[in-house]
Amino acid sequence: MPKVGDIAPEFCLDEISELNAEIVGVSADSVESHKKFVEKRKLSVKLLSDAERKVIELYGAKGRLGTTRSTFLIDPEGKIAKIWSKVSVKGHTDDVKSSIFNLRVR
């Protein structure tokens, strides 16, 4: 199963920013753990800590053995526009960028 460290480097944040979008990762790991992870991997993606798993549960990303690796595209009104469950690294970033673009041109 891919992890944020596998997927995050694939996102060109300049391209995402040009689409007026933002990438944010959420996990149950601690803030300190996120800091170390970002520094080690030299990531520029924002990571948020949800140690109490409230957001994870609200988004239905709670799995039997932890968190289900998922991507949610949130529209400008704050509604979920698309969900990718059981994310696969190959082609994922292109699919997300395409979906962001399509959401913008509606």
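The values are calculated or read from the model by the stated rules, or taken from the named source; none is laboratory data. On a predicted model such as this, the values are computed, not experimentally measured, just so you know. Cβ: placed from backbone, ideal geometry, glycine included. Neighbour counts: every protein chain shown.
Among the residues of the stretch 57-78, the one identified as assigned to a helix (DSSP H, G or I) and either under 12 Å from the mean Cα position of the chain (by Cα) or acidic (Asp, Glu) (or both) is GLU57. Given the criteria in a strand (DSSP E or B) and modelled with pLDDT of 90 or more, does ALA81 qualify? Judged against the criteria, ALA81 is a match.
As an exercise: evaluate ASP29 against (1) at pLDDT 85 or above; (2) within 12 Å of the chain's Cα centre (by Cα) and give the number of the one condition it does not meet. The one condition ASP29 does not meet is (2). Screening the candidates ARG53, ARG64 for the property of being surrounded by 14 or more Cβ atoms within 10 Å (Cβ to Cβ) and either in contact with a helix residue (DSSP H, G or I) (Cβ under 7 Å, 6 or more places away or on another chain) or of a type in the set (D, E, K, R) (or both) yields one hit, ARG53. Suppose the filter is assigned to a strand (DSSP E or B) and either in contact with an Asp or Glu (Cβ under 9 Å, 6 or more places away or on another chain) or not charged (D, E, K, R) (or both); does LEU103 pass it? Taking the combined requirement at face value, the residue does not satisfy it.
Does the stretch 27-55 hold any residues that are of a type in the set (Val, Ile, Thr) and touching a residue at least 24 places away in the same chain (Cβ under 8 Å), and which are they? Hits for the stretch 27-55 are VAL45, VAL55.
Say we look at the stretch 73-106 and pick out the residues that are closer than 20 Å to SER17 by Cβ and β-branched (Val, Ile, Thr); which of these is surrounded by the most Cβ atoms within 10 Å (Cβ to Cβ)? Checked the stretch 73-106; the qualifying residue surrounded by the most Cβ atoms within 10 Å (Cβ to Cβ) is VAL96.
Selection within the stretch 15-26: residues that are surrounded by fewer than 18 Cβ atoms within 10 Å (Cβ to Cβ) and without any contact (Cβ under 8 Å) to a residue 40 or more places away in the chain. The member of this set that is farthest from the chain's Cα centre (by Cα) is GLU18.
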